[in-house]
Amino acid sequence: TYDVCEVHPGPNLNMIVGANGTGKSSIVCAICLGLAGKPSFIGRADKVGLFVKQGCLKGVVEIELSKTPDNIIITREIQVVNNTSAWFINRKPTTLKIVEEQIAALNIQVDNLCQFLPQDKVGEFAKLTKIELLEATEKSIGPPEMYQFHCELKNFREKERELEVNVHIIETESSDCEENLCREKTNSLEKMRQRIERFKQDVERYHERKRHLDLIEMLERKRPWVEYENVRQQHEEVKQSRDQAKEELKNLKDMQSPVTKKIQETEDNYKNLDMKIKDKAAEIKEISQKCKQKQDALEMKDKQIEEINQAFRMKKDEEMDRQSKIHNTHKMIEDWKNELSTMAVCENLQPQTDAVNNELKILQEERANIDSDISDLTAEKMNQEREKKRIIDRLGQLNNIMNIKEENLKGRFRDTHSALMWLRSNKDKFKKKVCEPMMLEINMKDNRHAKYVENHISANDMKAFVFESQEDMEIFLMRDHQKLRVNAVCAPAESCAESLPSRPIEELHRYGFFSYLRELFDAPHPVMSYLCSQYRVHDVPVGTEKTRNMIERVIQETKLRQIYTAEEKYIVKVSVYTNLTLSTNTSLRVAQFLTSSVDTDERKQLENQQQDINNTLKSLDMRLTSLFERQKHLERRDNELRQQKKELLERGNRRRQLESKIDVKYDSLRQLEQDAINLEKESQQANAKIKEINTQKARLVTELMHLIKDCVSLNILKADLVLQSTTVAAEKNRLESEYKEASVQLKAAE
């Protein structure tokens, strides 16, 4: 049942109970087999391999036993294939004999039914005699020597009896042999009589058993005949039932035949009525379509009459509108004539007009100049903004590189990064310049050369802060009592940043050297001064593969103490005692800190340019604001002058305009008088058309009435047919329902 099961018994476990299949035997078998018990003790199988779960190749039992001072753990691994076991004590391999000794020392007896009683051994336990129960109890709960003493006591008793018999024999040797023989015969006779009595009861039981067996044999012979008779009677009864069912089935079929015929007749009648209903519906549909056509024609005639009336109304409205226009035109001509008669002779407005024109010309020139200035300033502002965006983008790129370097610092030296954050927030506490960790301040001119600088400067100095004064460094190291492990160095008091090398690099070109270390990177002045002082970066040359190929010659001729080739670093020393030149070389490590560099000069230059552009943009905005205000003022003045000019021109042109308008209105009046409409004639024509259409409508109404009458009569006939069809359908459904019920009975009968 189980793949894995772990049991923790309580302190007084003495019985395991449970329903079938819950695992009682799994626990009992595990206890027996795990404590060196044999399969026969359980009474279920004779081989240990049969106790392993079916389908598995191995089973394991592990039992922990209480023992002072330390518990012991006994493990048994059972292999199914070869039916063998492996034993372990405290997970160390051991033998069965040692396991049995350990178990015996704890007085554990899985073969003693008084101490360990499997379910299949209950019968054997019940058969134990009182003597066997006593011995088993002694073994189970007594001290180990109790059963041994008991066995010795029994042996002593047997020896005592033997000695008593021997003494009795010696004492009675001189007695009468016949008396002894008679006593023996009498005892033998009594014993035989007792045996005969016991055998007599056995014989009676035997004869009774024989009689029972004979009776069983006779009844076994009679059983088939009794069974046959019962089945035969059942067969006769079933046969009669079958014949009766056949008769009932025949009667049902005879009863159902007329119903079937009647259903068929009803079905035919229903189909005939349905065909007639469909025909009437088709006729009604056809007449309805004709009615619809007549109705559409009538609606069309109504529309034609409405169109004729609408056209006449439009003619009437048009004539009324013409009369109104003529009246309004006469009135306008009369008003203009009155105004013309009262108007004075036109005054001389030319000087005023010329003055306004001159001022407008001056304003336009000034506005053109302002527009030109605004255009130039706007173009310059756009150029400055484009340049500002370029600078911001470039600064963003440089800041991204710095962020990468700071993330690298944070990932490798968390304390140093925390100190850096503190420094940036507390710069006001220091008197002189403080440089951030060298790995952030050093910027390579070419990232390919970073490996030379990193192999030359120690890792501790790469993460060190550089101070210009000892006092500032002490303030930094206190750092508000923060417990951070950081490095700090102080630049030399006398600057070494501009120190000259021992020889120009040009002298070393023939050996493959192309630069000193100092020329490969940029750094703030204090950092460069410290590196020149501490690491002499100004006097350590960097070579190529050519240098590596002629390294011995380079060492001998140049007397250099430190040399870099393409992939190696050489350190040269001269022995004080032998004056011999000794050199050691190491492969260069891959650069980790300086591969991402920022050009500080470029960054500072970009920041200065950004500030200049901001100032320029501010000045341009002020100038543009002033020009826009002047431009608005000129626009207002321009509008005022144009309005004055317009008023002067209107005053001069008013008389000519009035004379021209009066002439135009007279022409329009003559045209209106020519376009007169004869309303009486139009009314007669419209009435004649309407009369003709009404005649056509009367004819259509007569035809429509005849069609409606035909449709009504057809609908009456159709309704009558539908009623008949409904009655037939109801009768048909009733018959089908009865037929269905009869069919169910018929099917059951069949």
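The values are calculated or read from the model by the stated rules, or taken from the named source; none is laboratory data. Being a predicted model, the structure only gives us computed values, none of them experimental. Glycine gets a Cβ as well: all are built from the backbone with ideal geometry, and neighbour counts include every protein chain shown. Just the protein is used for accessible areas: all its heavy atoms, side chains included, with ligands, DNA and RNA removed. Shrake-Rupley method; radii C 1.70, N 1.55, O 1.52, S 1.80 Å.
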Query raised in the report: Would it be correct to say that Leu128 is modelled with pLDDT under 90, surrounded by 11 or more Cβ atoms within 10 Å (Cβ to Cβ) and not assigned by the TED database to the domain that holds Cys29?
Result: yes
Query raised in the report: For Ser725, are the conditions met, namely being farther than 20 Å from Ile284 by Cα and open to solvent by less than 80 Å² (accessible area, probe 1.4 Å)?
Result: no
Query raised in the report: Restricting attention to region 666-699, which residues are over 30 Å from Trp336 (Cα atoms), open to solvent by less than 70 Å² (accessible area, probe 1.4 Å) and either hydroxyl-bearing (Ser, Thr, Tyr) or under 60 Å from the mean Cα position of the chain (by Cα) (or both)?
Result: Ser683
Requested in this report: Kindly establish whether Ala497 is buried (at least 17 other Cβ atoms within 10 Å of the Cβ), of a type in the set (Gly, Ala, Ser) and not in a loop (DSSP other than H, G, I, E, B).
Outcome: no
Requested in this report: Using the structure shown, decide if Lys253 is assigned by the TED database to the domain that holds Ala730, assigned to a helix (DSSP H, G or I) and surrounded by 12 or more Cβ atoms within 10 Å (Cβ to Cβ).
Outcome: no
Report summary line: If we ask which residues in region 61-111 are basic (Lys, Arg), touching a helix residue (DSSP H, G or I) at 6+ places or on another chain (Cβ under 9 Å) and part of a strand (DSSP E or B), their number turns out to be 1
Query raised in the report: Regarding Ala136, is this residue modelled with pLDDT under 85, in a helix (DSSP H, G or I) and either over 60 Å from the mean Cα position of the chain (by Cα) or under 15 Å from Gly37 (Cβ atoms) (or both)?
Result: yes
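From the list Leu641, Leu624, Leu620, Leu658, which residue is more than 60 Å from the chain's Cα centre (by Cα), modelled with pLDDT of 75 or more, outside the structural domain of Val554 (by the TED database) and surrounded by 15 or more Cβ atoms within 10 Å (Cβ to Cβ)?
Leu641
Could you pull out the residue among Ser288, Ser324 that is closer than 30 Å to Ser660 by Cβ, open to solvent by less than 70 Å² (accessible area, probe 1.4 Å), modelled with pLDDT of 80 or more and hydroxyl-bearing (Ser, Thr, Tyr)?
It is Ser324.
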Query - Among the residues listed as Leu181, Leu189, the single one being among the hydrophobic types (A, V, I, L, M, F, W, C), open to solvent by 80 Å² or more (accessible area, probe 1.4 Å) and either modelled with pLDDT under 80 or in contact with a helix residue (DSSP H, G or I) (Cβ under 8 Å, 6 or more places away or on another chain) (or both) - result: Leu181
Report summary line: Of the residues in region 33-60, those that are among the hydrophobic types (A, V, I, L, M, F, W, C) and not in a loop (DSSP other than H, G, I, E, B) number 6
Query raised in the report: Name the pairs whose Cβ atoms lie under 7 Å apart, with the first residue in region 574-595 and open to solvent by less than 80 Å² (accessible area, probe 1.4 Å), the second assigned to a loop (DSSP other than H, G, I, E, B), and 6 or more positions between them or separate chains?
Result: Leu588/Glu567; Leu594/Ile442
Query raised in the report: Out of all the residues in region 5-26, is one or more in contact (Cβ under 8 Å) with a residue 12 or more places away in the chain and open to solvent by 90 Å² or more (accessible area, probe 1.4 Å)?
Result: no
Query raised in the report: Among the residues of region 560-577, which ones are β-branched (Val, Ile, Thr) and at pLDDT 80 or above?
Result: Ile563, Thr565, Ile571, Val572, Val574
Report summary line: Taking region 596-611 and the residues there that are modelled with pLDDT of 75 or more and open to solvent by 90 Å² or more (accessible area, probe 1.4 Å), the one that is farthest from Asp373 (Cα to Cα) would be Gln605
Report summary line: Out of (1) assigned to a loop (DSSP other than H, G, I, E, B); (2) open to solvent by 20 Å² or more (accessible area, probe 1.4 Å); (3) modelled with pLDDT under 90, the one Glu557 does not meet is (1)
Report task. Answer with yes or no whether Gln201 is surrounded by 10 or more Cβ atoms within 10 Å (Cβ to Cβ), without any contact (Cβ under 8 Å) to a residue 12 or more places away in the chain and either in a helix (DSSP H, G or I) or within 60 Å of the chain's Cα centre (by Cα) (or both). Result -> no
Report task. Within region 43-83, work out how many residues are without any contact (Cβ under 8 Å) to a residue 12 or more places away in the chain and open to solvent by less than 60 Å² (accessible area, probe 1.4 Å). Result -> 1
Query - Qualifying positions in region 214-231 - surrounded by 10 or more Cβ atoms within 10 Å (Cβ to Cβ) and of a type in the set (Phe, Trp, Tyr) - result: Tyr228
